[in-house]
Structures are given as C-alpha cells and as structure tokens.
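Below is one structure. I have some questions about it.
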Amino acid sequence: MLVDSHCHLDLIDPDLTSIETLLEDAAAQDVRHLLCVSVSLDNAPVVRALAARHAQVSASVGVHPNQTDGVEPTVPQLAALAQDPLIVAVGETGLDYHYGAEHADLQQARFRTHIRAAREVGKPLVVHMRSATDDTLRILAEERATDVGGVMHCFTEDWPTARRALELGFHISFSGIVTFKSAEPIRDAARQVPAERLLVETDAPYLAPVPFRGQQNRPAFVRQVADFVADLRGLSPAELDALVSRNFFALFPHAASKPISAPAAQPA
Ligand SMILES: [Zn+2]
Ligand SMILES: [Zn+2]
C-alpha cells in the first residue's frame, strides 16, 4: 500500500470530482491512506468530518502561514482541537516568505503557537517552509520541536537544507515538484534522505506531477511521485510503497489506530 502524506481533499473542486471518486481512484493506485491537512480554523471541522466519515482519511488541525483572514489560534485552543483522537498532527504551519514576507512577524508568532500546542498534546507537526529556511529551522530549534518531530512537507530545497531538518528529527516529504525538469537539487535530496525519514505526498489540489502538470492534482497521483522517487533511489515501486507507508504510520501513530466513526468534535 501507498500513503499520500499531505493533501487538501476539501479544496479539490467538487464540480470536477466527488470525494468518493477521489478515494476510489486513489485505491485503484493502491493509495490506501491519506492525511488531509487543515489550513484554517474555518476548514478544520470540514477536514475532521472527512476523517470521521472515511476510514482511510486522517486529519490535522492548523492555520496555514499565508492565511491572513479568519481567527488567529491560541495555544489552548489549538491544543484542545488537536487532542481529538481523529487529529493525528498539528499543521500545516510554518513560514512562507514567498507570498507572505510582509506578514513575517505574524507568521513567526503563529508558528510558535502551533509548536507549543503540538508539544502540549504530543502530536507531530506538519511544516510548510518556503523562502524562509533559516527562520523556520531556527524557530523549530528554539521551540524544541524535536520533542514531537514531524514532516517538512512539499520539500523544495537542497540536500544540505534537508540535512539540517533531519538533524532536528524531522521527516522529509517530496511532492510532484521532484518530477519537474528544473528540480535537480530536490532530486539530489530525494536520493540522500535516510530511508526511515522519507515520505511522499501530492499537496493536492496543487502541484500535479509529470505527466499531469496543469491538471488539478489528486491523491491518486502520489503514485507518480512514489514511482519517480523509487527510481531515483534504485528501489522497486513495491519497496518504496512499503517504506513510506511504514514511515507514515510510525510518525503519525494516531493514523494507524484511527477510529472509523468518532463522536462529534468538541467545541473550540
Ligand atoms: Zn504547504
Ligand atoms: Zn498543504
């Protein structure tokens, strides 16, 4: 089996395809589990409801660094939401100066809030890092994120940067970007990340891999990412599938024991 370690099922255009079809198409590629990632306090209940309804879906809770409207989370509020047994991770959180450099202070404060909440509930972090490497890794270290670990999702940097995140105890997840023509430094990292820290993802609906570039991405397409990374590492697709699935459930143990139907979410 294969796992999509990061997608946004609720953001995939429902006019193009239903959730049921997305999950069936994924299963046809042997993609048997997906982590659906929250980007705001508004969509967190939607993401949680998907995990409550579908045995193969896990959920996170968090506010994306580029989110500039909506409610700003506090540590107690995030921790209360993250305590829910259906929530397997805190995020996505992190820093993105590519789009949000003017909000750097807000992003950093929000990032610290997420790390503190994750430490409080003992659940791993889903970290988004774009054009903000030094600040992201510095804050992870300062806030002792190593205690809970997590994943650097949609990793788009080079091997020396990957090594710095690995030293903090983080996993590295590669998306369809690794298949893009210009991505040689990312491919170098994908070859060198230690086997037990490797994950793959789609980040659907964004960033469809080759040969689907320009289409709306979907969890089934993690097959292309996985097979591409398998080839880079000289593994068979089955070996890579087994490896990343094992890594996923080791990092997110609550996903392995996910209750299929759970009580209603506690109020925030
Ligand atoms: Zn992200
Ligand atoms: Zn994402």
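Here, each number is a calculation from the coordinates, and none is a lab measurement. On a predicted model such as this, the values are computed, not experimentally measured, just so you know. No Cβ is skipped: glycine too gets one built from the backbone with ideal geometry, and neighbour counts run over all protein chains shown.
Rounded, prolate or oblate: which fits the chain when a ≥ b ≥ c are the square roots of the eigenvalues of the alpha-carbon gyration tensor, with rounded for a/c under 1.5 and prolate only if a/b beats b/c? The partial results should precede the final answer.
Details: a/c = 1.44, a/b = 1.11, b/c = 1.30.
Verdict is rounded for the chain.
Now for a separate question. Could you rank the peptides 235-243, 89-97 by their average count of other C-beta atoms within 10 Å per residue, with the highest value first? It would help to have the intermediate numbers written out before the result.
Numbers: 235-243: 16.7, 89-97: 27.0.
Most protected by this proxy first, the peptides run 89-97, 235-243.
Going by Cα centres, the stretch 91-139 and the stretch 1-80 are how many Å apart?
Distance between centres, Cα-based: 19 Å.
Along the charge dipole of the chain, Cβ charges K/R +1 and D/E -1, which of Ala256, Trp159, Tyr97 sits furthest on the positive end?
Ranked along the dipole, the leading option is Ala256.
Put a dot 7 Å past each Cα toward the Cβ at Arg213 and Ser18; how far apart are the dots in nm?
The two pseudo-label positions are separated by 3.4 nm.
While we're on this one: Could you give the dipole magnitude of the chain about its Cα centre, charging the beta-carbon of Lys and Arg +1 and that of Asp and Glu -1, in debye to the nearest 20?
Values: 23 positive and 34 negative charges, 115 e Å.
The calculation lands at about 540 debye.
Name the residue, out of Gln56, Gln192, Gln83, whose mean-square fluctuation peaks in a Gaussian network model built on the chain with Cα pairs under 10 Å.
In the Gaussian network model the winner is Gln192.
Report the antiparallel proportion of the DSSP beta bridges in the stretch 84-152 as a percent, rounded to a multiple of 5.
Numbers: 0 of 8 bridges.
Bridges in the stretch 84-152 that DSSP calls antiparallel: roughly 0 percent.
Karplus couplings for the stretch 169-176 from phi (6.51 cos²θ - 1.76 cosθ + 1.60, θ = phi - 60°), rounded to Hz, Gly and Pro as x?
Values per residue, Gly and Pro as x: x, 8, 8, 10, 10, 9, 10, x Hz.
Val148's amide H: which non-local residues (gap 5+, or another chain) put their own amide H closer than 5 Å, with H modeled 1.01 Å from N in plane and none for Pro or chain starts?
none
To check you understand DSSP bridge types, tell me what percent of the beta bridges within the chain (both residues inside) are antiparallel, rounded to 5. It would help to have the intermediate numbers written out before the result.
On the way: 0 of 24 bridges.
Of all bridge pairs located within the chain, approximately 0 percent are antiparallel.
Nearest 20 debye, what's the magnitude of the dipole of the stretch 1-103 about its Cα centre given +1 on Lys and Arg Cβ and -1 on Asp and Glu Cβ? Walk me through the numbers on the way to the answer.
Values: 3 positive and 15 negative charges, 86 e Å.
Its charge dipole is roughly 420 debye.
If the chain between Ala256 and Glu167 were fully stretched, how many nm would it gain, using 0.36 nm times the residue separation less the Cα-Cα distance?
Values: separation 89, 0.36 × 89 = 32.04 nm, distance 2.55 nm.
Roughly 29.5 nm would be gained on extension.
Rounded to the nearest 500 deg cm²/dmol, what is the calculated helix-only ellipticity per residue at 222 nm for the chain, with -39500 (n - 2.57) per DSSP H run of length n ≥ 4? Let's see the in-between values first.
Working: 11 runs with 109 residues, N = 268.
That calculation yields -12000 deg cm²/dmol at 222 nm.
Only helices at least 15 Å long along their own axis, judged from Cα atoms, and with Kyte-Doolittle mean hydropathy of -1.0 or greater: name those in the chain from DSSP H.
Those that pass (Cα extent of 15 Å or more, hydropathy at least -1.0) are 104-121, 222-233, 237-251.
With labels modelled as points extended 7 Å from the Cα through the Cβ direction, what inter-label distance (nm, one decimal) is found for Asp42 paired with Tyr206?
1.7 nm
Once fully extended, how much extra length lies between Arg53 and Ala28, figured as 0.36 nm per residue of separation less the alpha-carbon to alpha-carbon distance?
Details: separation 25, 0.36 × 25 = 9.00 nm, distance 1.96 nm.
Going from the current span to full extension adds 7.0 nm.
Under the rule a/c < 1.5 gives rounded, and otherwise a/b versus b/c splits prolate from oblate, where does the stretch 144-228 land using the Cα gyration tensor? Could you put the intermediate results ahead of the total?
Values: a/c = 2.35, a/b = 1.66, b/c = 1.41.
Verdict is prolate for the stretch 144-228.
Continuing with this model, one more query. Under the classification rounded if a/c is under 1.5, otherwise prolate if a/b is larger than b/c and oblate if not, where does the stretch 1-153 fall, given a ≥ b ≥ c as square roots of the Cα gyration tensor eigenvalues?
Note, shape of the stretch 1-153 comes out prolate.
Collect residues whose amide H, placed 1.01 Å from N in the peptide plane, falls under 5 Å from the amide H of Leu2; neighbours closer than 5 in sequence don't count.
Close amide H contacts, sequence-distant or interchain: Val31, Arg32, His33.
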